Amino acid sequence: MDKLLEKSESLNSEFSRIFDYGPADESKRVIASWIMCLVGLEHSVSLRQLALNGNYTSAICIMRSQFEAVTRATWLFYSASEAKIENTMKTLSELSQNADQKPSNNDMITQMKNKAPEQAVLMLTEFRDTQWKALNSYVHAGVHALQRHGHGYPEKLIIDIIKSSNGLLSMTAMMAAILTGNTMIIKDVSKIQLRHKDCLPVLLSD
């Protein structure tokens with residue numbers, strides 16, 4: 001477990017450098033997606049800190065937020081309407097009570113088909129199909145949270161959670177690389193994934 005967390009920090013360190021380049025332009029669509037990538041990066045860091053401290057229930061809860069952040073970052077760039085982008089970038093003081101009516105997570109993924117890269121849609125769909133119900137149970141203090149917190153977490157489950165989070169981090173890094181507009185950075189993401197394949201889920205390390 002400690003070794004995996006150490007390797008995960010190394011992965012995070014390499015991906016974090018992408019954000020030093022900044023987005024390719026200041027358009028609202030690019031900036032909105034960029035900010036959401038930063039949110040996803042923060043969730044990734046927080047999840048590992050929680051796991052390091054043995055706060056596994058909270059770590060699993062935050063993985064859903066990490067998944068939603070990268071989903072929305074991708075949707076904002078590839079699929080959101082101009083009206084949604086304008087609405088998203090309003091200040092809090094400008095927003096009305098019902099202003100931010102974003103699609104559900106499932107609807108965002110559906111809207112991305114034939115617009116976002118096929119591999120990205122595939123990975124988001126697979127993650128949702130395999131993880132969503134259990135993550136909701138943890139977030140809403142359901143039976144998963146009750147049973148696991150009460151009886152303990154198998155080490156393999158926590159290892160899988162950390163690797164899944166690293167997979168989401170990789171998707172976030174790729175989205176951020178695309179937003180830089182620099183093809184060399186995009187290629188670097190794939191190289192980083194290969195160097196750290198032992199701390200990534202199988203789909204991303206293949």
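The values are calculated or read from the model by the stated rules, or taken from the named source; none is laboratory data. Just so we're clear, the structure is a prediction, and the values are computed from it rather than from any experiment. FYI the Cβ positions are ideal-geometry reconstructions off the backbone, even for glycines, and counts take in every protein chain you see. Remember, those area values only see protein heavy atoms, side chains included, never the ligands or the DNA or RNA. Shrake-Rupley method; radii C 1.70, N 1.55, O 1.52, S 1.80 Å.
A few notes on this one:
- Among 194, 169, the order of accessible area from largest down is 194, 169, computed with a 1.4 Å probe on protein heavy atoms.
- Environment charge at residue 138 (Cβ cut-off 11 Å; Lys +1, Arg +1, Asp -1, Glu -1): +3
- In order along the range 57-63, phi translates into HN-Hα couplings of 4, 5, 4, 5, 4, 6, 5 Hz, rounded to whole numbers, per the Karplus curve 6.51 cos²θ - 1.76 cosθ + 1.60 with θ = phi - 60° and x for Gly and Pro.
- Computed over neighbours whose Cβ is under 14 Å from that of residue 188, the net charge equals +2, Lys and Arg +1, Asp and Glu -1.
- When the Cα convex hull of the chain is projected onto planes of every orientation, the mean area is 11.8 nm².
- Of the listed residues 93, 190, the order by accessible area with a 1.4 Å probe, largest first, is 93, 190.
- The range 110-168: equivalent-ellipsoid semi-axes (sqrt of 5 x gyration tensor eigenvalues, Cα, Å): 28, 14, 6
- Residue-averaged 222 nm ellipticity for the chain, from DSSP H runs of 4+ at -39500 (n - 2.57), nearest 500: -24000 deg cm²/dmol
- The residue 118 and residue 81 beta-carbon pair, evaluated with R₀ = 25 Å, returns a calculated FRET efficiency of approximately 0.70.
- Here residue 184 sits with roughly 110 square angstrom of accessible surface, probe radius 1.4 Å.
- 3J(HN,Hα) from dihedral phi, the range 17-24, Karplus parametrisation 6.51/-1.76/1.60, rounded to Hz, x for glycine, proline: 5, 4, 6, 5, 6, x, x, 5
- Share of carbon and sulfur in the accessible heavy-atom surface of the range 24-180 [1.4 Å probe, %]: 53
- Spin-label pair residue 20-residue 160: with each label point 7 Å from Cα along the Cα-Cβ axis, the two points sit 3.7 nm from one another.
- Summed over the residues of the range 87-206 and divided among them, the accessible surface reaches 58 Å² per residue at a probe radius of 1.4 Å.
- Scalar couplings 3J(HN,Hα) for the range 133-148, obtained by applying the Karplus form with A = 6.51, B = -1.76, C = 1.60 to θ = phi - 60°, are 4, 5, 4, 4, 4, 5, 4, 9, 6, x, 5, 4, 5, 5, 5, 5 Hz; x denotes Gly and Pro.
- Amide hydrogen proximity for residue 196: with H placed 1.01 Å from N in the peptide plane, no residue at 5 or more positions away or on another chain lies under 5 Å.
- Hydrodynamic radius (Kirkwood) for the range 26-100, which is based on Cα pairs only, to one decimal in Å: 13.5
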